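Some notes on the structure that comes next.
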Amino acid sequence: QVQLVESGGGLVQPGGSLRLSCAVSGSIFSILSMAWYRQAPGKEREWVATITTGGTMMYPGSVKGRLTISRDNVKNTVYLQMNSLKPEDTAVYYCNGYTGSRTMDYWGAGTLVTVSS
């Protein structure tokens, strides 16, 4: 059974940084593309980063330059480094692992990031 467990969320001041981690159990991490999404209170879930099995990284324009996704195929972990955080980055951040056409599609339970002074 594949499980995704996020960690690293918390309270941070505007302008600060956080690094989120997502540990993936099982032996299929290397075949999963990995993504991060977030959902702010009262808003729809929003995609914020993807890293493919080959290491290609993709971001929406709204976060490009501030968020960096990376993966460690030995530790079966994906990371999201978040810099220059803004109050509008406050959200629950979810880790997602998937294969082509979403034949496999796994989600974590989320970790809360609060950006506030």
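The values are calculated or read from the model by the stated rules, or taken from the named source; none is laboratory data. Quick caveat: nothing in here was measured; it's all calculated off a predicted structure. In this analysis, Cβ positions are derived from the backbone assuming ideal geometry, glycine residues included, and neighbour counts consider all displayed protein chains. We work out accessible area using only protein heavy atoms, side chains counted, and drop any ligands, DNA or RNA first. Shrake-Rupley method; radii C 1.70, N 1.55, O 1.52, S 1.80 Å.
Is there a residue being in contact (Cβ under 8 Å) with a residue 40 or more places away in the chain and open to solvent by 70 Å² or more (accessible area, probe 1.4 Å) anywhere in the stretch 31-38? It would help to see each step written out before you state the result.
So the first thing to find is which residues in the stretch 31-38 are in contact (Cβ under 8 Å) with a residue 40 or more places away in the chain, and the list is 31-38.
Next cut, open to solvent by 70 Å² or more (accessible area, probe 1.4 Å) only: 31.
So far as the stretch 31-38 goes, yes, one or more of its residues are in contact (Cβ under 8 Å) with a residue 40 or more places away in the chain and open to solvent by 70 Å² or more (accessible area, probe 1.4 Å).
Of the residues Thr68, Thr53, which is assigned to a strand (DSSP E or B) and hydroxyl-bearing (Ser, Thr, Tyr)?
Thr68
When you check Gly110 against the structure, is it exposed (fewer than 12 other Cβ atoms within 10 Å of the Cβ) and either at positive phi or free of Cβ contacts under 8 Å to residues at least 40 places away in the same chain (or both), yes or no?
Values: exposed (fewer than 12 other Cβ atoms within 10 Å of the Cβ): no; either at positive phi or free of Cβ contacts under 8 Å to residues at least 40 places away in the same chain (or both): yes.
No: the conditions fail for Gly110.
For the stretch 81-107, which residues satisfy the criterion of being of a type in the set (Gly, Ala, Ser) and surrounded by fewer than 18 Cβ atoms within 10 Å (Cβ to Cβ)? Before the answer, list the steps.
As a first pass, look at the stretch 81-107 and keep what is of a type in the set (Gly, Ala, Ser): 84, 91, 97, 100-101.
Hits for the stretch 81-107 are Ser84, Gly100, Ser101.
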